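Novice: Before I ask anything, let me first share the structure, which is written out below as C-alpha cells.
The values are calculated or read from the model by the stated rules, or taken from the named source; none is laboratory data. Everything numeric here is computed off the predicted structure, so don't read it as measured data. Cβ sites come from the backbone with ideal geometry, for glycine too, and all protein chains shown count toward neighbours.
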Amino acid sequence: MEIKSVRGMNDLFGVELEHWHYVESKIKKVFHSFGYSEIRTPALEKIEVFSGTVGDETDIVEKQMYQIITDSETYVLRPEGTASFMRAVLEHNLHSTGQPGRYYYYLPMFRHERPQKGRLRQFHQFGAELINDASPEADAELITVLDQIYKSFEVTEYRVRINSVGCIECRPPYKDKLKDFFQPKLNELCEQCQKRFERSPMRILDCKRESCRAIAKTAPLILSCICSSCKTHHERVKTCLTMAQVKFEEDPYIVRGLDYYTRTAFEFTSELLGAQDALGGGGRYDGLSSRFGKAPFPAVGFGLGMERLMIALQETKRLPQTIQTPSFFFSPLGDKAFELLFPLSLKLKRQGVWCEISYEKTKGLKWLLKQANRLNADFSLMIGDEELKSGSALLKNMKSGTQETLSITSLESELLRRATHAP
C-alpha cells in the first residue's frame, strides 16, 4: 500500500526547508525590532472559539474547519490565528493592565478547501496583534511592520490597499443601503453572494467572481457612509502611513472575509501570486472580545501567509542561492585515525562548527573525497597510518583543490581558525 501525505498538506525538507528557516529568521528580526514578543496557541481549540466569533456565515465556519467530535465537546484544528489569540488573551488576562501589548505568532493553520497555488489545507502564518490601543497610529504601525517585512527581502512587487469598514454605529445603515442596491440584482449574483445577502452584504463587495465584481462596481461606497469619528480615524491612518513612507492606495472593496473587523481593513496584494494575490492583510477588531462575552477593548492585527511569501521570493529569485554546508569532512583511514578524529569532530560541533565524519573506516580515500564533495564541505581532513606515524594530517580545500599539512598536536586550533561557519 502506497501511503502519501494528505492532499494540500506538504512535507518540507532539504534546500526548501533551509530557505524557510532563512525567511522565518528575517521576519522574526523585524518583529523583535518593533517590540513584538512571541505567543503560541494550541492547534486544537473548542469550536466556539471560531463559530461564535469569526462569523457563522463565513467560509471558514461554514465549510472549512476540520472538526473532531467527542461525546461532550467539538474541537477544531485552528483555521485562523486572531480568534485563538483573543481566547489566550482573555484566558490569561493579558489585556488587564490596560497598556498596549504587542505580540506575534508563527503557527500552522488548517482549512478544508480545494488546494491550489498559494492555498493549502495546512498553511503557515505569521501574525501580529497589538492590543489596548485604539489609536489610528496603531493601525499605521501594523501596516508599517508588514511593509517592512516585505522590504527586508527587497520585495517591491506589491500594492498596499486600505479601507475603512466603519464601526458598529455607522455600518448597519450602510448594510441597509447595500441590500437595497443588491436586492433587484440578487438573481444575477453567484450562489455564495446570494447566501451572504441577508447577514453579510458587505462581503459581496469582496467576491472574486467577475460577474459579481461587475455588479458591485456601482454599489454605494462605505467611505461615503461612515460616521465622522471613523472618517477622522481613517484620515489619520493615511497621514501616518505617509509619514512612515509606506505607499498605499484606497480600495473601497477591501472588506476582509471575517466578521470581526471594524474601521481599518488592509491587504497587501501581488501579481506574482496569480489568482490568489493576497500576500497578507488584516485590520482593526475592537469588538472581538465582546463576542467571547467579555468587555470590549481595542485591538488590531494582521496575518502573513508563509507559502505565498515563498512563492513571491521564488518568482523574484530573492532566496539565497547557497545554503549552509559543512566546514569540514573528516576522512579517517582506519580505526586508529577514527579514534583520533571522532572526539575532535565532537569538540568542533560543540563550539558551533559544522563538522561531518565518515563512519566507514575501511573505505578508500577516493570514496571519502566523493562524500566530502557530495556534502559540499569546505575542507576534507585526511589521516591514515602514515600521517599518524609522522604526527601530521592532510587538509584539502575542496573548493580550490589546494592541500596543506597540519600538525596533529595543533589540529583543533588550526581548524577553528579556518572554519567558515564558526560562531
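Here's the yes/no breakdown for (1) surrounded by 16 or more Cβ atoms within 10 Å (Cβ to Cβ); (2) assigned to a loop (DSSP other than H, G, I, E, B); (3) without any contact (Cβ under 8 Å) to a residue 24 or more places away in the chain:
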{"position": "M382", "(1), (2), (3)": "yes, no, no"}
{"position": "K396", "(1), (2), (3)": "yes, no, no"}
{"position": "K399", "(1), (2), (3)": "no, yes, yes"}
{"position": "T405", "(1), (2), (3)": "no, no, yes"}
{"position": "R417", "(1), (2), (3)": "no, no, yes"}
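Novice: Evaluate the following for G352: is it in a loop (DSSP other than H, G, I, E, B) and in contact (Cβ under 8 Å) with a residue 60 or more places away in the chain?
Specialist: The answer is yes for G352.
Novice: Say we look at region 220-232 and pick out the residues that are crowded, with 22+ Cβ neighbours inside 10 Å and outside any loop (DSSP other than H, G, I, E, B); which of these is modelled with the highest pLDDT?
Specialist: Filtering region 220-232 for residues that are crowded, with 22+ Cβ neighbours inside 10 Å and outside any loop (DSSP other than H, G, I, E, B), the one modelled with the highest pLDDT comes out as C230.
Novice: How many residues does region 145-161 hold that are outside any loop (DSSP other than H, G, I, E, B) and touching a helix residue (DSSP H, G or I) at 6+ places or on another chain (Cβ under 7 Å)?
Specialist: 5
Novice: On the basis of being assigned by TED's automatic domain parsing to the domain that holds L107, surrounded by 21 or more Cβ atoms within 10 Å (Cβ to Cβ), at pLDDT below 90 and under 21 Å from A134 (Cβ atoms), does Y260 make the cut?
Specialist: So Y260 fits the description; yes.
Novice: Evaluate region 272-284: report whether one residue or more is surrounded by fewer than 18 Cβ atoms within 10 Å (Cβ to Cβ), part of a loop (DSSP other than H, G, I, E, B) and either at pLDDT 95 or above or polar (S, T, N, Q) (or both).
Specialist: So far as region 272-284 goes, yes, one or more of its residues are surrounded by fewer than 18 Cβ atoms within 10 Å (Cβ to Cβ), part of a loop (DSSP other than H, G, I, E, B) and either at pLDDT 95 or above or polar (S, T, N, Q) (or both).
Novice: Oh, and also: So, A214, is that one touching a residue at least 40 places away in the same chain (Cβ under 8 Å) and either within 20 Å of C167 (Cα to Cα) or not in a loop (DSSP other than H, G, I, E, B) (or both) or not?
Specialist: no
Novice: Those residues that are closer than 20 Å to R159 by Cβ and surrounded by 19 or more Cβ atoms within 10 Å (Cβ to Cβ), I need them from region 108-143; list them, please.
Specialist: Passing the criteria: G118, F126, A128, D139, A140, E141, L142, I143.
Novice: Does R196 satisfy the condition of being crowded, with 19+ Cβ neighbours inside 10 Å and basic (K, R)?
Specialist: For R196, the condition - crowded, with 19+ Cβ neighbours inside 10 Å and basic (K, R) - is met.
Novice: Restricting to region 239-270, name every residue that is under 27 Å from E80 (Cβ atoms) and part of a helix (DSSP H, G or I).
Specialist: The answer is C240, L241.
Novice: Restricting attention to region 395-417, does a residue exist that is closer than 17 Å to P343 by Cβ and in contact with a Phe, Trp or Tyr (Cβ under 9 Å, 6 or more places away or on another chain)?
Specialist: Yes, some residue in region 395-417 is closer than 17 Å to P343 by Cβ and in contact with a Phe, Trp or Tyr (Cβ under 9 Å, 6 or more places away or on another chain).
Novice: Something else about it: Taking only pairs six or more apart or across chains, which ones have beta-carbon atoms under 6 Å, a first residue in region 188-207 that is part of a loop (DSSP other than H, G, I, E, B), and a second residue that is at pLDDT 80 or above?
Specialist: What qualifies is L189/C212; C190/R209; C190/C212; C207/C193.
Novice: A further question follows. What's the total number of residues in region 199-229 that are within 21 Å of E249 (Cα to Cα) and basic (K, R)?
Specialist: Summing the residues that are within 21 Å of E249 (Cα to Cα) and basic (K, R) in region 199-229 gives 4.
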